[in-house]
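Visitor: Sending over a structure as C-alpha cells; questions will come in a sec.
Here, each number is a calculation from the coordinates, and none is a lab measurement. Only a predicted model underlies this, so the values are computations on that prediction, with no experimental measurement involved. With ideal geometry, Cβ positions are generated from the backbone for all residues, glycine too; neighbour counts draw on all protein chains shown.
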Amino acid sequence: MLEGVSKTAILTLRARVDEQARPDRTFEDPLALSWWARVTWPPELDLWYGDAPQRALALRAADIDHIVRRYVAATGPLAVTELGSGFSTRQGRLADLPITAWHDVDLPPVAALRAEWGAGGVQLGASVLDLEAWMDRVAEAKGPHLFIAEGLLYYLPRAEVTRLLAALAERFPGSALLMDVVGNNDAAALRARAEAVGSPLAWTFTDDYDQVLEHFGLGPVPEFEPDRLMMDMLDRYWSRFDATMRSLIYFAMHQPLVWAGRSGMVLGRLGA
Ligand SMILES: C[S@@+](CC[C@H](N)C(=O)[O-])C[C@H]1O[C@@H](n2cnc3c(N)ncnc32)[C@H](O)[C@@H]1O
C-alpha cells in the first residue's frame, strides 16, 4: 500500500493501537483503532516491531500529547501543524484543547488516505521540503503556531532539515517546533531497524545533547527545556520501564559521555 518511509506510519499506528490493550495504557485512541482496521500490515515491519518499539513509540506519542497540553496551558490558544503526520490521531486525543487550526502535512499517498478516512484537520499532500506547496496555507491560520515533527526529520537529508527549520523561523518567528532527536546511544539500533524495512535514516544527532537547541537554531522555551522534558517523561512513565531499562537509564545519567548521547524530545522557539 505505502512505500519507503511512509510505511513506518503503519508502525507507529500499530504501537498506539496495541497501547489500547494494556491495562496501564497512557491514552485512549478510538480513531486509531478504527483506522487500524483499514490498513494492511507490511510483513517486513515485523523486523522492527516488538514490545520495546511499541513502548517507545506509544510513550513518544503520549509524551508529545502531554507537552502540547502543558504548552497550550502556558501560552493559550494556538494553531497546530503536524509535519509528516502519517496516521497520527493526535487531533482527536487533544480535542478538548483550544486549538484554533489543525493542519497535517504528509506525502500525497498518506494525505489521500487520511482524507478518505475522515481525518479532522486540513490535509496537505506534499513533501514538507516543498515549502511553496504547504506553508502559505498554514500561514493563513492565526498564530502562534506549534509545529510537531514526530518521527520525521531524521529521514530527510540533514541540509534540507536546516533549510526547513530556517524557513519556519523566517515565516513563523516566535512560534515553536516540537521534534524528536535520535542521539548516539540509540542511533545504531534505530538505523538497523529502519534499514531492515527500507526506510533508512539520513542522519542522527552526534553532538552533545546539552547543545541540542543551539544545534538546530532554536531558542529556549522556559519550563520546556530539553532536560526538563526528559525528566518529566522519565518520571511520568517510570512504571513502564523494566529493571534492565531502569538500570540502563541510571547508568546513562551518571556517565556524562553516555548522557550526552541521549535521545529525546525538543521544544524550541523559532526565529529566536
Ligand atoms: C515514522 S512515520 C511518523 C508518522 C507520525 N508522525 C507518527 O508519529 O505516527 C514518518 C512519516 O513521515 C512521512 N514523510 C516522510 N518523508 C516526508 C516528506 N518529505 N514530507 C512529508 N512527510 C514525509 C511519511 O510518509 C510518514 O508518514
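Visitor: For Cα pairs less than 8 Å apart in space and 6+ apart in sequence, what is the mean separation divided by the residue count of the chain, i.e. the relative contact order in percent? Intermediate results must be reported in sequence, preceding the final value.
Guide: On the way: 418 pairs, mean separation 51.2, N = 272.
Rounded, it is 19 percent for the chain.
Visitor: Lys and Arg at +1, Asp and Glu at -1: add these up for the other residues within a Cβ distance under 9 Å of Leu124 and post the number.
Guide: Computed value for this residue: -1.
Visitor: For the chain, what does the helix formula give at 222 nm: sum of -39500 (n - 2.57) over DSSP H segments with n ≥ 4, over the residue count, nearest 500 deg cm²/dmol?
Guide: Working: 12 runs with 125 residues, N = 272.
Helices in the chain give a 222 nm mean residue ellipticity of -13500 deg cm²/dmol.
Visitor: Sticking with this one: What whole number of Å gives the distance from the Cα centroid of segment 148-191 to the Cα centroid of segment 195-232?
Guide: 8
Visitor: Could you identify which residue out of Thr12, Thr162, Thr89 has the top mean-square fluctuation in a GNM of the chain using Cα springs shorter than 10 Å?
Guide: The residue with the greatest mean-square fluctuation here is Thr162.
Visitor: Okay, moving on. How high is the FRET efficiency between His254 and Ala115 when r is their beta carbon distance and R₀ equals 45 Å, given to the nearest 0.05? Provide the component values of the computation, followed by the final result.
Guide: Working: r = 49 Å, r/R0 = 1.09.
After rounding, the FRET efficiency stands at 0.40.
Visitor: So in the chain, what percent of DSSP beta bridges are antiparallel if you round to the nearest 5?
Guide: Values: 7 of 26 bridges.
Antiparallel bridges: around 25 percent, rounded to the nearest 5.
Visitor: What's the FRET efficiency of Ala56 with Leu131 using the Cβ-Cβ distance as r and R₀ = 30 Å, to the nearest 0.05? Each step should come with its number before you reach the end.
Guide: Values: r = 30 Å, r/R0 = 1.02.
The value I calculate is 0.50.
Visitor: While we're here: Just in segment 113-198: which trypsin sites (Lys or Arg not before Pro) are loop by DSSP and have at most 12 other Cβ atoms within 10 Å?
Guide: Details: sites: Arg114, Arg137, Lys142, Arg158, Arg163, Arg171, Arg191, Arg193; in loops: Lys142.
Here the sparse-neighbourhood loop sites are Lys142.
Visitor: Please compute the length gained on full extension between Arg25 and Ala272, using 0.36 nm multiplied by the number of residues separating them and subtracting their Cα-Cα distance.
Guide: Once the chain is fully extended between Arg25 and Ala272, it gains 85.2 nm.
Visitor: A further question on this structure: Over all directions, the average projected area of the alpha-carbon convex hull for segment 66-269 comes to how many nm²?
Guide: Details: hull surface 47.1 nm².
Computing the convex hull of the Cα atoms and averaging its projections yields 11.8 nm².
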